[in-house]
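Structure first, then comments.
The values are calculated or read from the model by the stated rules, or taken from the named source; none is laboratory data. Everything numeric in this text was worked out from a predicted model, so none of it was measured. Virtual Cβ from ideal backbone geometry, glycine too; neighbours counted across all protein chains shown. Calculation scope for accessible area: heavy atoms of the full protein, side chains included, ligands and nucleic acids excluded. Shrake-Rupley method; radii C 1.70, N 1.55, O 1.52, S 1.80 Å.
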Amino acid sequence: MQPSIELYGAPTGNCFRAAIAFEEAGLAYVAKRLNLNNGDQRRASYLSLNPAGRVPTLVEATAGKPPFVLSQSNAIMLYASEKAPGKLLPAAGRPERAVALERLLFFITDVIAPNHAAFYVRPRGQIEGAALLEGRSLAALETAERYVSSGGFMAGQNFSLADIAAFTIAMAVKDRLPWDGLPGLSRWFSQVEARPSVVKGLAAFG
Ligand SMILES: N[C@@H](CCC(=O)N[C@@H](CS)C(=O)NCC(=O)O)C(=O)O
């Protein structure tokens, strides 16, 4: 019997990354929407799955085994990629895979992480710190123009996890990017935005 997978989430960048990866991999899953404003993430039933009270969380049920639970959006993306070899990352051991991981980690650590840190400090009155972090994140994202200036995707000719990470953050800061000076990124963004897996992943949590 096939395992059944539930993905708990909300319409946020972290959850979109996980859902888009599952869509792109062609893996069956059931999206379970949590209402973060109502505190669904802090209910006891959810905390028993993810004690951090955050989304996303993946729960995989296989008959006769305890459920497998995974949190952290990026670990969930990598799990999807392992279940569908060749669809989200090039084959293990190949330099192309190292490049895709380099780009993926660039977007996670240099673009998404400072943006999230700004989101955390701004409501606490640290306006200058927030602006500094946002500026750093945007400047790093703009340098990704070089990855796509001659066509293709973030790590070459094939769509990969690097594109999913790049897209969710580019979408979040879309209004603050100087698109006129970023022709490669503009072309890439339109192409990724129209990709069926991206359209479905963005709609997964309503
Ligand atoms: N590092 C975690 C971060 C998860 C996270 O911060 N999720 C946010 C939504 S994007 C959340 O659950 N916020 C609700 C809360 O903190 O109460 C991941 O990538 O999955």
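Full extension of the chain between Ser48 and Ser190 gives 47.2 nm of extra length, using 0.36 nm per residue less the Cα-Cα distance. With N the number of residues in the chain, Rg(Cα) / (2.2 N^0.38 Å) evaluates to 1.04.
Could you work out the relative contact order of the chain? I mean the mean sequence separation of Cα pairs under 8 Å and 6+ apart, divided by the number of residues, in percent. The value is 26 percent. In the complete set of protein chains, residue-level accessible area for Trp179 is approximately 60 Å², probe 1.4 angstrom. Secondary structure note: in the chain, about 70% of the DSSP beta bridges are antiparallel.
When the chain is described by a simple charge dipole with +1 on each Lys and Arg Cβ and -1 on each Asp and Glu Cβ, the residue from Gly64, Trp179, Ile112 located farthest towards its positive end is Gly64.
Along the axis of the charge dipole computed for the chain (Cβ charges of +1 for Lys and Arg, -1 for Asp and Glu, origin at the Cα centre), the listed residues Ser48, Phe189, Pro95 are led at the positive end by Ser48.
Each 5 Å bin, from zero up to the one with the longest distance, holds this percent of the alpha carbon pairs of region 109-206: 2, 13, 23, 22, 18, 13, 7, 2, 0.
A 1.4 Å probe, protein heavy atoms only, puts the accessible area of Val69 near 60 Å². Whole-percent P(r), region 119-171, all Cα pairs, 5 Å bins from 0: 4, 18, 22, 20, 13, 10, 8, 5, 1. Solvent-accessible surface of the chain, taken per residue with a 1.4 Å probe and all protein chains present: 52 Å².
Of the solvent-accessible surface of the chain, computed with a 1.4 Å probe over protein heavy atoms with every protein chain present, carbon and sulfur atoms account for 55 percent.
Using a probe of 1.4 Å, the accessible surface attributed to Leu132 totals some 130 Å² when neighbouring protein chains are kept in position. Its Cα centre serving as origin, region 159-199 has a Cβ charge dipole (Lys and Arg +1, Asp and Glu -1) of approximately 20 debye. The charge dipole of the chain, taken about the Cα centre with unit charges on the Cβ atoms of Lys, Arg (+1) and Asp, Glu (-1), comes to about 440 debye, rounded to the nearest 20.
Under 12 Å from a label point set 7 Å out along the Cα-to-Cβ vector of Ser149, the amide N atoms of region 167-183 belong to 182-183.
Kirkwood hydrodynamic radius computed over region 3-65 comes to 12.2 Å, based on all pairs of distinct alpha carbons. At the listed q of 0.17, 0.19 Å⁻¹, the Debye profile of region 35-112, built from one uniform point per Cα, gives log10 I(q)/I(0) equal to -0.83, -0.93. Note: relative contact order over region 143-206, using C-alpha pairs below 8 Å and six or more positions apart, is 33 percent.
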